[in-house]
Amino acid sequence: MSTNKQFDQTQYQAHVHEFLGSTMIATSETEMGLGHNHRFAGVTGQAKPSCNGHVHVMNTNTDFFRGHFHMIEIITGEAVPIYDENNVHIGHVHAVTGATSVEDLHSHVFIVATLIQNPIG
Ligand SMILES: [Fe+2]
Ligand SMILES: [Fe+2]
């Protein structure tokens, strides 16, 4: 147990979000124009303060397709409040649009929203 609260991570740990998605289709040089996409999933980094609230780092790899995968490293958008069927505020999500790393002479665009924070809270 830490005796220094300034460096005690349990005192400052903030929420995270699960996420999953699929990229849009792109074509590598070796595919002869057929095209392919990738799936990805992960958990964001902890909430980081931002101008209008907070954001998260999203860092993961896609799945493989014919010997390559892509890296995703991006900052999410601001928190978007969400409400249940009775209009009760139940949490927030974050939206992201971006592109993967370039591998095999191509990259993929993606659009995704995180899942709600602390889903069992
Ligand atoms: Fe690819
Ligand atoms: Fe968040």
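Between a first residue in the range 28-54 that is free of Cβ contacts under 8 Å to residues at least 12 places away in the same chain and a second residue that is more than 14 Å from ligand 2 (Cβ to nearest atom), which pairs have beta carbons less than 9 Å apart while being 6 or more apart in sequence or on different chains?
Note: pairs meeting the criteria are Gly33/Thr27; Leu34/Thr27; Gly35/Ile25; Gly35/Ala26; Gly35/Thr27; Gly35/Ser28.
Could you list, in sequence order, all residues of the range 63-83 that are open to solvent by 50 Å² or more (accessible area, probe 1.4 Å) and of a type outside the set (Gly, Ala, Ser)? Spell out how you get there, then give the answer.
Taking the range 63-83 and keeping what is open to solvent by 50 Å² or more (accessible area, probe 1.4 Å), we get 64-67, 69, 71, 73, 75, 78, 80-81, 83.
Residues satisfying the conditions are Phe64, Phe65, Arg66, Phe69, Met71, Glu73, Ile75, Glu78, Val80, Pro81, Tyr83.
Just to verify a result, which residue in the range 68-83, among those that are more than 10 Å from ligand 1 (Cβ to nearest atom) and not in a strand (DSSP E or B), is farthest from the chain's Cα centre (by Cα)?
Glu78
Does at least one position in the range 89-97 carry a residue that is hydroxyl-bearing (Ser, Thr, Tyr), over 14 Å from the mean Cα position of the chain (by Cα) and away from ligand 2 (no atom under 16 Å from the Cβ)?
No, the conditions are met nowhere in the range 89-97.
Out of Ile75, Ile120, which single residue is among the aliphatic types (A, V, I, L, M), over 12 Å from His17 (Cβ atoms), within 16 Å of ligand 2 (Cβ to nearest atom) and in contact with a strand residue (DSSP E or B) (Cβ under 7 Å, 6 or more places away or on another chain)?
On the way: Ile120 fails: in contact with a strand residue (DSSP E or B) (Cβ under 7 Å, 6 or more places away or on another chain).
Sole residue among the options that is among the aliphatic types (A, V, I, L, M), over 12 Å from His17 (Cβ atoms), within 16 Å of ligand 2 (Cβ to nearest atom) and in contact with a strand residue (DSSP E or B) (Cβ under 7 Å, 6 or more places away or on another chain): Ile75.
From the set of residues in the range 36-62 that are surrounded by 13 or more Cβ atoms within 10 Å (Cβ to Cβ) and outside any strand (DSSP E or B), which is farthest from ligand 2 (Cβ to nearest atom)?
By that ranking, first place goes to Asn37.
When you scan the range 8-20, do you find a residue that is at pLDDT below 95, part of a strand (DSSP E or B) and surrounded by 14 or more Cβ atoms within 10 Å (Cβ to Cβ), even just one?
no
The values are calculated or read from the model by the stated rules, or taken from the named source; none is laboratory data. Nothing here was measured: the structure is a model prediction, and the numbers come from that model. We place every Cβ from the backbone using ideal geometry, glycine too, and count neighbours over all the protein chains shown. The accessibility values were calculated without ligands, DNA or RNA, using every heavy atom of the protein model including side chains. Shrake-Rupley method; radii C 1.70, N 1.55, O 1.52, S 1.80 Å.
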